[in-house]
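Written below as structure tokens is the structure these notes are about.
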Amino acid sequence: MKITLKDGVVKEYAAPLSVLDVAKDISEGLARATLGAEVDGKMADFRTLLDRDCHLHIVTADSPAALGVLRHSCSHVLAQAVKRIYPEAKLAIGPSIENGFYYDIDHAPFSREDLDALEEEMKKIIKENLKIEKFELERAEAIRFVEEKGEIYKAELIRDLPEDAVISFYRQGEFVDLCAGPHLPSTKGIKAFKLISSSMAYWRGDSDRAQLQRIYGTAFFKKEDLEAYLEHLEDIKKRDHNKLGREMELFATVDVIGQGLPLLLPKGTKMVMKLQRWIEDIEDREWGYVRTKTPLMAKSDLYKISGHWDHYKDGMFVLGDEEKDKEVFALRPMTCPFQYYVYKNTQKSYRDLPFRMGETSTLFRNEESGEMHGLTRVRQFTISEGHLVIRPDQAEEELQGCLNLAIHVLDTLGLKDDVSFRLSKWDPENREKYLGDEAYWESAQGALRKILQDKALPFKEADGEAAFYGPKIDIQAKNVYGKEDTMITIQLDCAIADMFDMYYIDKDGEKKRPYIIHRTSLGCYERTLAWLIEKYAGKFPTWLCAEQVRVLPISDKYAEYAKEVRDILLANGVDAGMDERSEKIGFKIREARLDRVPYMLVVGEKEEAERTVSVRSRFAGDEGSKSIEAFVEQICREIRTKEIRKEEVQA
RNA sequence: GCUUAUGUGGCGCAGUUGGUAGCGCAACUCAUUCGUAAUGAGUAGGUCGCCGGUUCGAGUCCGGCCAUGAGCUCCA
């Protein structure tokens with residue numbers, strides 16, 4: 001992105017534009033304070049540049065970077081308020097984050113009342129219109145400076161910087177904080193803020209170190225923006241699968257059954273079964289998979305061969321006691337080794353490869369107690385798992401196929417635009433956690449990178465996210481709260497065939513080691529259901545709905561006709577229900593809408609006489625009167641094509 | 001696992017300083033037979049998450065456990 005600053009300096013900046021980059025140029029004298037700038041040849045609303053002291057000057061509030069600076073300054077005001085009310089509190093760090101800011105503080109837990117009191121103090125500080133000023137100290141001097149104040153966490157941060165570093169601080173009134181900036185020129189610039197919540201966080205994210213209190217807050221340039229954001233927080237709660245999914249009777253949890261073990265209720269089960277049948281059908285009929293059904297548990301010996309016993313024992317449910325019992329079993333945390341033995345059951349020739357196995361596979365993972373969440377993090381779940389045993393020369397084509405299948409699935413569900421791609425690599429700093437050497441990892445990671453690049457998919461690379469046996473392409477989705485989960489994974493594994501002595505007979509008559517691709521096409525059914533609930537706020541595409549049509553007789557007199565219509569729909573493979581209670585039609589419609597049923601068929605005297613149905617849909621409202629045959633044809637087509645009809649009617 | 005909050009009929013909630021549980025919706029019954037988002041009346045339903053303690057007496061106070069939410073850590 002090219003920016004022409006007012007004094008005529010033209011500079012190319014990387015997109016997205018970073019205020020910090022511009023700030024650096026300002027401090028080096030390349031630019032100076034300005035309230036207007038030309039972006040890509042035309043004047044833009046870029047009015048958030050910084051002056052020589054790294055102060056942000058703001059006229060409009062549309063830049064995310066500007067918001068970041070505002071929120072960072074707001075976090076300093078919070079820290080100042082904390083020190084005024086609780087002088088003994090020690091400060092850790094206080095950055096701006098995606099939707100606000102936080103500050104980690106070493107102090108006893110804060111209640112909502114404490115937060116309210118802090119908000120009041122913050123308002124005072126803002127009103128005092130304290131100038132925010134930058135100053136710098138040599139490293140040793142800086143350490144002495146913060147230690148005099150008892151700020152041990154700040155001292156640790158400075159000690160981690162190089163010997164010759166110049167340490168910058170910002171001062172506002174009596175309050176000084178270690179900080180690289182930039183900041184607003186004064187506290188008065190903070191017009192609209194709110195402390196959202198507080199909770200515990202570990203110092204430097206290490207669960208063995210100090211437990212700090214993290215106060216979350218947010219700030220905006222305009223009061224309306226803050227109010228809109230707070231309203232948005234309320235709105236997303238209504239989409240939250242963990243609330244909506246229970247309300248809609250898709251799933252439930254029961255204390256006595258246990259944590260992370262949700263029950264899929266009839267409606268949720270129906271949806272999951274529709275997904276499952278679809279995935280199995282396309283994998284087997286269109287993508288060349290064979291289906292397996294393998295045991296949910298095995299002797300520990302199996303996991304010793306696969307490496308899971310060494311690498312993952314804590315995450316498995318082990319049945320039996322290694323000391324006492326002759327045989328110890330474990331519930332499976334993955335399907336890999338089971339399918340390897342399916343492959344090994346008969347000798348394979350190079351002609352048999354690729355050998356693609358799919359299994360709708362239930363897995364068990366003993367997550368720690370605080371990690372369970374709704375349907376997205378559970379102890380037992382079912383995935384569309386699969387393993388492709390391939391010749392090395394088939395790797396590229398098969399990896400592409402896996403990615404294409406995943407994208408086809410996402411596209412069909414209407415979720416394609418909501419995902420991000422991640423190349424999950426090993427952590428070169430912790431090599432002992434992984435199988436194989438550097439050359440293996442570099443080449444496997446390179447192969448996956450090429451697949452993503454060839455498809456021109458934007459992706460980020462992440463160290464330390466790989467499986468212990470190989471790198472992954474992970475397809476990530478965010479939930480309504482912005483938290484990311486892996487939905488689909490494709491992993492290349494060139495190491496494990498050796499451990500299980502898997503081979504094929506090549507053209508030259510020699511035994512060769514195959515590669516293995518571990519992959520999912522839709523991933524975890526429970527997680528996907530959760531994602532769909534949040535994406536559609538419960539208003540699913542018709543083909544996925546547990547109840548696709550509800551027939552509503554005007555009165556008992558037309559119940560027989562309603563039943564006939566319902567039975568015709570059922571016979572045509574449509575999940576149809578009927579509301580034959582002695583209620584008014586308005587009441588039945590209200591309930592059907594609250595249940596988010598896509599199609600309501602009102603039938604009364606006129607419809608019975610003409611053998612029609614009066615169609616009211618969730619999408620378009622009143623769709624008029626249609627013959628039974630015409631409606632059956634319409635809805636069967638919609639279901640068959642998995643059409644996602646647009647919602648045109650406000651709920 | 002860690003910090004913190006919460007747990008009252010199916011759901012959403014009320015329950016004052018400890019004195020034998022209430023409301024709305026839903027359910028059920030009866031009446032109503034109705035034309036596109038709530039017909040009316042009545043009935044029933046709870047050892048207040050579980051276990052223990054303090055007390056003459058515990059939904060209320062204390063302890064332990066279980067579950068749920070938020071966040072941290074973790075997610076092979």
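The values are calculated or read from the model by the stated rules, or taken from the named source; none is laboratory data. Note that this is a predicted model, so its numbers are computed, not measured. Neighbour counts run over all protein chains shown; Cβ positions are idealised from the backbone, glycine included.
Identify all residues within the range A:108-137 that are closer than 22 Å to A:I196 by Cβ and of a type in the set (S, T, N, Q); write none if there are none.
Hit for the range A:108-137 is A:S111, nothing else.
Looking only at the range A:449-505, how many residues end up being hydroxyl-bearing (S, T, Y) and in contact with a Leu (Cβ under 8 Å, 6 or more places away or on another chain)?
Matching residues across the range A:449-505 total 2.
Here are some residues: A:G268, A:G205, A:G245, A:G217. Which one is at positive phi and either of a type outside the set (S, T, N, Q) or within 16 Å of RNA strand B (Cβ to nearest atom) (or both)?
Result of the check over A:G268, A:G205, A:G245, A:G217: A:G205.
When you check A:L415 against the structure, is it surrounded by 18 or more Cβ atoms within 10 Å (Cβ to Cβ) and over 22 Å from A:K293 (Cβ atoms), yes or no?
Here the answer is yes, as A:L415 does meet what is asked.
Filter the range A:456-472 down to residues that are in a strand (DSSP E or B) and of a type outside the set (D, E, K, R), then give me how many there are.
4
For the range A:414-430, state whether one or more residues are of a type outside the set (D, E), closer than 26 Å to A:L275 by Cα and part of a loop (DSSP other than H, G, I, E, B).
Initial filter on the range A:414-430 (of a type outside the set (D, E)): A:414-416, A:419-426, A:428, A:430.
This time we only want the ones that are closer than 26 Å to A:L275 by Cα, so: A:414-416, A:419-422.
Remaining after also requiring part of a loop (DSSP other than H, G, I, E, B): A:414-415.
Yes; the residues of the range A:414-430 include at least one that is of a type outside the set (D, E), closer than 26 Å to A:L275 by Cα and part of a loop (DSSP other than H, G, I, E, B).
Of the conditions (1) in contact with a Lys or Arg (Cβ under 7 Å, 6 or more places away or on another chain); (2) buried (at least 19 other Cβ atoms within 10 Å of the Cβ), A:I190 satisfies every one except a single condition; which number is it?
(1)
Would you say A:A298 is over 29 Å from the mean Cα position of the chain (by Cα) and surrounded by 17 or more Cβ atoms within 10 Å (Cβ to Cβ)?
Yes.
Taking A:P185 and the conditions (1) in contact (Cβ under 8 Å) with a residue 12 or more places away in the chain; (2) out of contact with any Lys or Arg (no Cβ under 9 Å at 6 or more places or on another chain), which numbered condition does it fall short on, given that it satisfies the others?
Evaluating A:P185 over (1) in contact (Cβ under 8 Å) with a residue 12 or more places away in the chain; (2) out of contact with any Lys or Arg (no Cβ under 9 Å at 6 or more places or on another chain) leaves (2) as the failure.
Among the numbered criteria (1) at pLDDT 95 or above; (2) in a loop (DSSP other than H, G, I, E, B), which single criterion is violated by A:V256?
With (1) at pLDDT 95 or above; (2) in a loop (DSSP other than H, G, I, E, B) applied to A:V256, the lone miss is (1).
Here are the criteria: (1) near RNA strand B (Cβ under 9 Å from one of its atoms); (2) touching a Leu at 6+ places or on another chain (Cβ under 9 Å); (3) modelled with pLDDT of 85 or more. Tell me which single one A:S197 does not satisfy.
(3)
Out of (1) of a type in the set (F, W, Y); (2) farther than 29 Å from A:L296 by Cβ; (3) within 13 Å of RNA strand B (Cβ to nearest atom), the odd one out for A:F468 is which?
Unmet for A:F468, out of (1) of a type in the set (F, W, Y); (2) farther than 29 Å from A:L296 by Cβ; (3) within 13 Å of RNA strand B (Cβ to nearest atom): (2).
Out of all the residues in the range A:473-500, which are surrounded by fewer than 16 Cβ atoms within 10 Å (Cβ to Cβ), in a loop (DSSP other than H, G, I, E, B) and touching a residue at least 12 places away in the same chain (Cβ under 8 Å)?
Result: A:Y481, A:G482.
Condition test on A:D240, is it within 13 Å of RNA strand B (Cβ to nearest atom) and exposed (fewer than 12 other Cβ atoms within 10 Å of the Cβ)?
It is false that A:D240 is within 13 Å of RNA strand B (Cβ to nearest atom) and exposed (fewer than 12 other Cβ atoms within 10 Å of the Cβ).
Output the residues belonging to the range A:72-105 that are acidic (D, E), in contact (Cβ under 8 Å) with a residue 24 or more places away in the chain and over 12 Å from A:I215 (Cβ atoms).
Across the range A:72-105, the qualifying residue is only A:E98.
Identify, please: which residue in the range A:571-589 is more than 9 Å from RNA strand B (Cβ to nearest atom) and hydrophobic (A, V, I, L, M, F, W, C) and is, among those, farthest from A:Q548 (Cα to Cα)?
A:A571
Given the conditions (1) more than 23 Å from A:E98 (Cα to Cα); (2) of a type outside the set (D, E); (3) more than 13 Å from RNA strand B (Cβ to nearest atom), which single one is not true for A:K191?
Only one criterion is unmet by A:K191, namely (1).
Got a sec? Which of A:Y303, A:Y343 is away from RNA strand B (no atom under 11 Å from the Cβ), under 28 Å from A:A495 (Cα atoms), touching a Pro at 6+ places or on another chain (Cβ under 9 Å) and assigned to a helix (DSSP H, G or I)?
When all the criteria are applied, what remains is A:Y343.
Name the residues in the range A:84-95 that are surrounded by 21 or more Cβ atoms within 10 Å (Cβ to Cβ) and within 25 Å of the chain's Cα centre (by Cα), would you?
The answer is A:G94, and nothing else.
Is it the case that A:G173 is at pLDDT below 80, within 24 Å of A:P87 (Cα to Cα), of a type outside the set (A, V, I, L, M, F, W, C) and more than 16 Å from RNA strand B (Cβ to nearest atom)?
no
Check the range A:620-635 and report whether any residue there is away from RNA strand B (no atom under 12 Å from the Cβ), closer than 25 Å to A:E249 by Cβ and assigned to a helix (DSSP H, G or I). Before you say what the answer is, go through the steps one by one.
If we filter the range A:620-635 for residues that are away from RNA strand B (no atom under 12 Å from the Cβ), which is where we start, we get A:627-635.
If we keep only those that are closer than 25 Å to A:E249 by Cβ too, we end up with A:635.
Checking which are assigned to a helix (DSSP H, G or I) leaves us with A:635.
Yes, that holds for at least one residue.
So A:E547 passes all but one of these: (1) closer than 22 Å to A:I644 by Cα; (2) in contact with a Phe, Trp or Tyr (Cβ under 9 Å, 6 or more places away or on another chain). Which condition number does it fail?
Checking A:E547 against (1) closer than 22 Å to A:I644 by Cα; (2) in contact with a Phe, Trp or Tyr (Cβ under 9 Å, 6 or more places away or on another chain), the one that fails is (2).
Name the strands (runs of 3 or more DSSP E) wholly within the range A:119-182 that hold at least 1 residues that are more than 21 Å from A:Y216 (Cα to Cα) and either among the acidic types (D, E) or in contact with a Gly (Cβ under 9 Å, 6 or more places away or on another chain) (or both)?
A:132-138, A:166-172
Yes or no, residue by residue, for (1) touching a residue at least 40 places away in the same chain (Cβ under 8 Å); (2) within 28 Å of A:C336 (Cβ to Cβ):
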position	(1), (2)
A:F251	yes, yes
A:D255	no, no
A:K267	yes, no
A:M273	no, yes
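Considering only the range A:590-618, state which residues are within 9 Å of RNA strand B (Cβ to nearest atom), out of contact with any strand residue (DSSP E or B) (no Cβ under 7 Å at 6 or more places or on another chain) and free of Cβ contacts under 8 Å to residues at least 40 places away in the same chain.
Hits for the range A:590-618 are A:R590, A:E591, A:L594, A:K606, A:A609.
For the range A:159-175, which positions are crowded, with 20+ Cβ neighbours inside 10 Å and either in contact with a strand residue (DSSP E or B) (Cβ under 8 Å, 6 or more places away or on another chain) or acidic (D, E) (or both)?
Within the range A:159-175, A:I167, A:Y170, A:Q172 meet the criteria.
Do you know which residues across the range A:248-262 are surrounded by 11 or more Cβ atoms within 10 Å (Cβ to Cβ) and within 11 Å of RNA strand B (Cβ to nearest atom)?
Selection gives A:E249, A:F251, A:A252, A:T253, A:I257, A:G258, A:Q259, A:G260, A:L261, A:P262.
For every residue, the table says whether it meets (1) over 30 Å from A:H308 (Cβ atoms); (2) modelled with pLDDT of 95 or more.
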residue: A:K511; (1), (2): no, yes
residue: A:E534; (1), (2): yes, no
residue: A:L544; (1), (2): yes, yes
residue: A:Q548; (1), (2): yes, yes
residue: A:L552; (1), (2): yes, yes
residue: A:A559; (1), (2): yes, no
residue: A:G573; (1), (2): yes, yes
